[in-house]
Amino acid sequence: MIKTGILNPAIHSLLCRVRHTNTLVIADRGFPFWPTIETVDISLIDDVPTVLQVLGAILPNFKAGRAQMAAEFLQHNDETATSAVRSLLGDIPLEFLPHSDFKLLVPRAIGLIRTGDATPYANMLLESA
């Protein structure tokens, strides 16, 4: 029995299949369903869990080379939200791109973790290093 780390078997399995330069999406509650991508839906209620909570849970065991978010995140959220993302990512480069361009990258992802996050444009794409 696993005692620490990722306890959710579907997320654990998904993370084990991500290889060098593969991507993983952590999405908010309103992100569209992508039938061609494995989706692990862990949304429970508004803001439980959040994208940042999931990111914080997986980063200790996930070697990320870069992260990408929609530029609209900056327009719809305050500096506190942006600082929280940057703080959690640490030295991992963060790129902001138009939401329409972000969505074009999603079909190439290994999988998607859907959260209950209600933060506008909180979706994140992580590329493994």
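Throughout, read-outs are computed from the coordinates displayed, never taken from laboratory work. Model, not experiment: these values are computed from the prediction. So basically every Cβ, Gly included, is an ideal-geometry build from the backbone, and we count neighbours across all protein chains shown.
Would the range 1-68 count as rounded, prolate or oblate if I go by the C-alpha gyration tensor, calling it rounded below 1.5 in a/c and otherwise prolate when a/b exceeds b/c, oblate otherwise? Walk me through the numbers before you get to the answer.
Working: a/c = 1.40, a/b = 1.11, b/c = 1.26.
Rounded, since a/c falls under 1.5.
Of the beta bridges DSSP finds with both residues in the chain, what % are antiparallel, to the nearest 5? Show your work: numbers first, answer last.
Working: 10 of 22 bridges.
Around 45 percent of the beta bridges assigned by DSSP in the chain are antiparallel ones.
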What fraction of the Cα pairs in the chain, stated in percent, has a spacing above 18 angstrom? 49 percent
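When the dipole is taken about the Cα centre of the chain, and only Lys, Arg (+1) and Asp, Glu (-1) are charged at their Cβ, what size is it in debye, to the nearest 20? Numbers along the way, then the final one.
Details: 10 positive and 13 negative charges, 122 e Å.
Computed charge dipole of the chain: roughly 580 debye.
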Quick one: Cα centre-to-centre distance for the range 68-99 and the range 15-30, in angstrom? 17 Å
Among V106, S13, S43 - extreme Cα towards positive end, dipole of the chain, charges at beta-carbon: S13
